[in-house]
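The values are calculated or read from the model by the stated rules, or taken from the named source; none is laboratory data. Bear in mind that the values here come from a model prediction, so they are computed numbers and not experimental data. Note that we place each Cβ from the backbone using ideal geometry, even for glycine, and neighbour counts take in every protein chain shown. For the accessible areas, the whole protein counts, side chains as well, though only heavy atoms, and no ligand, DNA or RNA atoms are used. Shrake-Rupley method; radii C 1.70, N 1.55, O 1.52, S 1.80 Å.
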Amino acid sequence: MDGTENNETALTSNNHGEVAKEYSYTEHAIVPDLLIFNQSRWESFSPEEQRILKEAALESSEFHKELWAAETAEAIARAEEMGVTFHEDVDKAAFRASVDPMHQQVKQDPDLAPFYERIQEMRKEGHTND
């Protein structure tokens, strides 16, 4: 196996760490967790209900981040016991350069370009890893 893509917990929960002894933080795929609500259903709630739902969503999101951080830390410790080495000094520029043609193609697609631009805006606003 030359490589795989997954989070740290896969090293232990799926036993990837038995064969994958090197883990690089390329951050080439960061999958967001999203809460999606039907617009008409959302509008059926009173402003007070909407406020309560937003508050609950934010609280649960923060709780999830805490749980995920603890789970990840535990997985890293267990993976290191399995002999996995973690690498944070990754040349991310090389990865970005290799996929730049895809970025250019998406930016030229009238259907995809608005989504691409919004994602880039969110990244600049600091939503990455939130």
- Among (1) 11, 27, 33, 23, 5, 0; (2) 12, 27, 20, 15, 12, 10, 4, 0; (3) 10, 27, 30, 24, 9, 1, the entry derived from the coordinates for P(r) over Cα pairs in 10 Å bins from 0, in percent: (3)
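Can you give the Kirkwood hydrodynamic radius of the stretch 66-118 from its Cα pairs, in Å with one decimal? Can you show the working numbers first?
On the way: mean 1/r = 0.0691 Å⁻¹.
About 14.5 Å for the stretch 66-118.
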- Query: Got a number for carbon plus sulfur as a percent of the stretch 77-130's accessible area, 1.4 Å probe?
  - Reply: 53 percent
- Message: Tell me the per residue accessible area of the stretch 1-107 using a 1.4 Å probe; a whole number in Å² is fine.
- Response: 77 Å²
- Sorting F63, T4, A97 by the position of each Cα along the dipole of the chain (Lys, Arg +1; Asp, Glu -1; all at Cβ), the one nearest the positive end of that ordering is A97
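If r is the Cβ-Cβ distance from E22 to A77 and R0 is 25 Å, what FRET efficiency results, to the nearest 0.05? Intermediate values should be presented prior to the final figure.
Numbers: r = 17 Å, r/R0 = 0.68.
Step by step, r from the Cβ atoms, then E = 0.90.
For the peptides 38-49, 98-109, 19-30, what is the packing order when you average, over each peptide's residues, the other Cβ atoms within 10 Å and list the highest mean first?
Numbers: 38-49: 9.0, 98-109: 10.6, 19-30: 13.1.
Taking the mean over residues of other Cβ atoms within 10 Å, the ranking is 19-30, 98-109, 38-49.
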- From DSSP H assignment alone, runs of 4+ in the chain each adding -39500 (n - 2.57), the sum over residues rounded to the nearest 500 puts [θ] at 222 nm at -19000 deg cm²/dmol
- Cα-based reach from K124 at 27 Å (exclusive), listing lysines while leaving out same-chain residues under 8 positions away: K54, K65, K92, K107
